[in-house]
Every structure is written in structure tokens, then in C-alpha cells.
Amino acid sequence: MRSADERPRAQGGDGPGARPLTAAAAGGFVERHGLWDERQHVAAGQVRRVIDELGLDKVRFSFADQHGVLRGKTLTREAVPGALRSGVTAPSSLLLKDTSGRTVFPVFSGGGLADGRFAGAGDIVLVPDMTTFRVLPWAERTGWILCDLYHPDGTPAAFCSRGLLRGRLAALADAGYDLTVGVELEFHVYRPAAEGAVPVAPGRPGAPGPAPEVEPLTSGSQLLHEEGLDRLDDLVDLLYRGLTGLDLPLRSLELEFGPSQLELTLDARDAAQAADDALLARAAVRQICRRNGYHATFMSRPATVETASSGWHLHQSLRHRATGEAAFDPAPDPEHGSAPGSVSGSAPREPLSPVGRHYLAGLLEHAPAATVFTTPTVNGYKRYLPMSLAPDRVVWGIDNKGAMVRVVGARGEGGARLENRSGEPAANPYLYIASQVVSGMDGMARRLDPGPPTTDPYDAGARGLPGSLDQALNALDADPVFVKALGQDVVSWFTTIKRAEFARYLAHVSDWEQREYFDLV
């Protein structure tokens, strides 16, 4: 977070009648339950100074729901001190809804969840993480802050996905490692088919309205075409200014292969921070585009797509906590005096350390079950196609972009890393990353071996990824490692929501069915 004097004054300024924010009084919910450490208290002081000096009028207090969608409340300047002292309340049923907004569990009759903590759709408390505060570049005099979720008795909310990831990273730290994550998110941006603002489709819970009608911005089939990206320069500049204005570690904006398809990449960071980055980047892209007459979507395979789906390639590597050294790097090659794979023109003898191989083997072993978290939507499974640069088999390869896990060797900085290419860009970043930690740690604990790398990632004889969300849910039910790591309550909660979504999908009469059968039979 930039200090107050580093933030652009164009965002605001002291407005008429603006009153300084005072320090949060003692005795509130946050202090009573000891929810902030010294770092949070220091950040809170900086935030109050930024709000005062820039004259911010509003602050958005947001959290990631189970789908990785931001929810929360916008508070006035006058209400912010109270929120810093006691948090912000919201209905706990927000954590029990499927993607349509329908509450899946019978909360008013108890629900049987987390020892009854969600009965009656009572409150959860949003406690701001002061280190995440930003000033929105595209909304006048508005701040933005991510929150953690707690029950009213001060215990962490059972289904806070941000907290679930922190729990898995703490377990990894106890084993002596830290996780570094790099993010590559593909997405589509369209213009509305009709003039004017992007239409808002009316709907009701359980039955969303029709999707907006849109037209592509590019024709596709020209990967990384400079002139193609130049034609989108106004859009690229909007996204660049918005994302960097949020202090996100934007590395690149690229033209992808499909019509209207782009990709953004973020610098590798600590896993918890990278998850926050991905969450905020997606929300920023959608909001910036909507405000400027575009429609952005992180849906993996929109109906307009003819040539390419969107994926989320998750780069991951471990470092030793004690030394900070890369844990996936192999031992030096005695013949060349360097790490295998680092000699130009030579085939690597071993691209990973034993720790790296065990972690990789865990990713492969638990890939079908983890797919519920890496690809949590019905639509995402339509991306798993052979010969498409998207994986459909549980295999690994050395710098092979058709494999589910691509091993990229050490190249002088950053160390060796694993790139899981199976995820969809709509995945909840906290649950996606947590699923990798659960899988990789089991591989290390059991010293699993990944076997040899593939040279044919679409080999029909290789084990396939689940072909549908239903198959993935069945795989998760059959894999006890996630229950052991996350708890039965968490796994049951998420699978119940996803099975409800899949049941609605099966009950829907599709356009394909109407075309295929209505006139024929």
C-alpha cells in the first residue's frame, strides 16, 4: 500500500465539510477478539491518513464469496471509524448460495452447518484487512478494502475461502516451506451489440436473466499480433491505468488466440498476496470495462467463442523458509557444473529436486478431485479439449504446453516452477491455490513419484481429467485427502453448492436440445 503522500491527489482532495477520521476507540469487536496484529494497527493509521488527506467519501468493504466473487458494503466516510473498530455485518447466507444467488441450504430450519452457526441466516462480521486498502482509480473519492469473515463470537467464519487458504499456507509453513504463485488470466472483452451501456439482464434467484448481446472486438487466430493489440490500445490503456493504479503487479497485457480474447499476467508473489491480486484484478477488469462501454467476462468458454477457451495458468514454486532458497531446483549437474536443463541446447536430465517431484506427483495424484476447485463451473469443462493448448489428461511435461502440469526449469532467476494449466479463470483464487497446497503436501508427505514426463500430452491411454463438474464432484467424494486437510464440513459445504448448480444445469432445456428434437420427434 502506498503511503498517503505517494497516492495521486487527482483522486480527491479535502471536500467541503470533511472531518478527520479519528483512531478507532478501544473495546470494539476487533480489539475484543484480538483480530489485528501490530502490522494491521500500523496500516490502519496509514489508511486513516490517506482517507483524510484525499478526502475520500466512501470505502468499499469487500470479501470473496465461495465463487470468488466480491461482495460487501459501501460505507460513508463517517461510518468508516466504526467499521475499523467493530467490523461490518452481512447475512451469513451469502456463503451458502450457488452462482444464481439461490441459497442452497435450509438455513431457516437449521441447515446443520458448522454446528448451527448459519441457522436463521444470522450475521457474519467483515473485519477489514488494513494491509489491502486501495484507492479506486476509476471511482471518485472511493477506497477499497478486503475483509476476513468471522462469526459474532469472534471465531473465524467456517467457510471464509481467504481464511481456508491461510490455513493451508500455515500448514505448509510448519513443514518448512513458503509458496510463491504467478498468475496468468485469460479473458474476453466484447462491445455491446446495441449502442449505449452494456445491458443489465433482469433475473431472479435461481433463474438468471438472458446474457447481454455482444460483438467481438477482434477476429482472432492471430496470437500476440502487435497490430491487433494496437487496435485495442484505448482498452489496453484503460486496463493498464486501472490495474497499476490499484498497485497490482501487472506484468503484461497480451492478445490471445481467440476472438476478443486477452490475457493479463501478474508478477509472482507470496501465495496469499497472489490470491488477493487475482481477485482484485478480475473485479477491476470487469468494472473498468463496464464503465467504458465494454463487457468483460472470465467465463471460460462463452457461446460466441469458436476457436479458443480461456484458462488460468497457475505457476507455483516452493522456497525453504529457513533460507529462502528455491526448493524445486535440482542439484547441480556434475558434468556441466550447473542445474540440469540450464545448458543451452541440451536435454535436461532431471528438471526438479526430489521435493519438487513429490509435490508434482501430489498435483497429479489428486488432480481429478482438485478439479472441483480449479474448474468449479459447468462451463469450464467445455475447455478440456485435445490438441487445444488446454489439457484433458492428467500428465506432466517438460516445457510442454499441452500437459496439465508444465515444468519450467530454472533460468537464472526465480527457480524451477510448476505451471498447472487445468484451471479456469472464473475459479475462486483462494480455493484454487489451496487445492494445490493440499495436493502437493500429500505428495511430499507420501514421497510420491510422478513418473516420466510425457511427450504426448493427449495420449488417449493417459488418465483423463473429469469430463464434467459432476464427474469432478464424484472424484472429490472418493479422495479423502481434502476432507483430512480442509475438514468434512468444508468439503460438504462446497460440494452441496456445486451439486445444486449441476442439478439446475441438467434440468435446463438447452438450445441444442430444442434444435435437435423439437421438430424431429
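The values are calculated or read from the model by the stated rules, or taken from the named source; none is laboratory data. What you see is a predicted model; the values in this text were computed from it and never measured. With ideal geometry, Cβ positions are generated from the backbone for all residues, glycine too; neighbour counts draw on all protein chains shown. In case anyone asks, the SASA skips ligands and DNA or RNA and just uses the protein heavy atoms, side chains included. Shrake-Rupley method; radii C 1.70, N 1.55, O 1.52, S 1.80 Å.
Structure notes:
- Residue range of the chain that is longest and free of GluC sites (Glu not before Pro) which are both DSSP loop and sparsely packed (at most 15 other C-beta within 10 Å): 1-139
- Cα pair count fraction exceeding 16 Å, expressed as % - segment 473-518: 52
- Proximity of backbone amide H atoms, modeled 1.01 Å from N, is registered between G258 and S221 at under 5 Å, excluding neighbours fewer than 5 places apart on the same chain.
- Under 5 Å between amide hydrogens, built in the peptide plane, is the criterion, and for E215 it picks out R191, A193 among residues at least 5 positions away or on other chains.
- With DNA, RNA and ligands ignored, accessible area of F257 (1.4 Å probe; Å², nearest 10): 80
- Value of [θ]222 nm, deg cm²/dmol, for the chain, DSSP H segments ≥ 4, -39500 (n - 2.57) each, nearest 500: -9500 deg cm²/dmol
- Taking all Cα pairs closer than 8 Å and separated by 6 or more residues, the relative contact order of segment 112-236 comes to 13 percent.
- Antiparallel beta bridges, as assigned by DSSP with both residues in the chain, represent about 90 percent of the total such bridges.
- With each label modelled as a point 7 angstrom along the Cα→C-beta vector, the E38-D519 pair spans 7.5 nm.
- For the chain, averaging the sequence separation of C-alpha pairs within contact (under 8 Å, six or more residues apart) and dividing by the residue count gives a relative contact order of 13 percent.
- Of all accessible heavy-atom area on segment 58-213, the percent that carbon and sulfur account for (1.4 Å): 53
- Normalised contact order of segment 250-331, rounded percent, pairs of Cα under 8 Å and 6 or more residues apart: 21
- Between the amide H of V395 and those of M404, V405, distances stay under 5 Å, these residues lying 5 or more places away or on another chain, with hydrogens modeled in the peptide plane.
- Computed with a 1.4 Å probe over protein heavy atoms only, the accessible surface of segment 126-187 comes to 27 Å² per residue.
- For segment 382-399, putting each phi into the Karplus relation 6.51 cos²θ - 1.76 cosθ + 1.60 with θ = phi - 60° gives couplings of 6, 7, 6, 10, x, 6, 10, 6, 10, x, 9, 10, 8, 9, 10, x, 8, 6 Hz, in residue order, rounded to whole numbers and with x for Gly and Pro.
- Shown for segment 461-515: the carbon plus sulfur share of the solvent-accessible area, taken with all protein chains present and a 1.4 angstrom probe, equals 54%.
- Derived scalar couplings between HN and Hα for segment 455-471 equal 10, 9, x, 10, 4, 4, x, 6, 5, x, 5, x, x, 7, 4, 4, 5 Hz in order, rounded to whole Hz, by the Karplus curve 6.51 cos²θ - 1.76 cosθ + 1.60 (θ = phi - 60°), x for Gly and Pro.
- Karplus-based coupling profile of segment 282-292, in residue order and whole Hz: 4, 4, 4, 4, 5, 5, 4, 5, 4, 5, 10, with θ = phi - 60° in 6.51 cos²θ - 1.76 cosθ + 1.60 and x standing for Gly or Pro.
- Cβ-based net charge around G206, under 14 Å, with every Lys or Arg adding one and every Asp or Glu removing one: +2
- Distance in nm between pseudo-label sites at D233 and R251 (7 Å out along the Cβ direction from Cα): 2.6
- Reducing segment 240-287 and segment 76-94 to their Cα centroids gives an inter-centroid distance of 28 Å.
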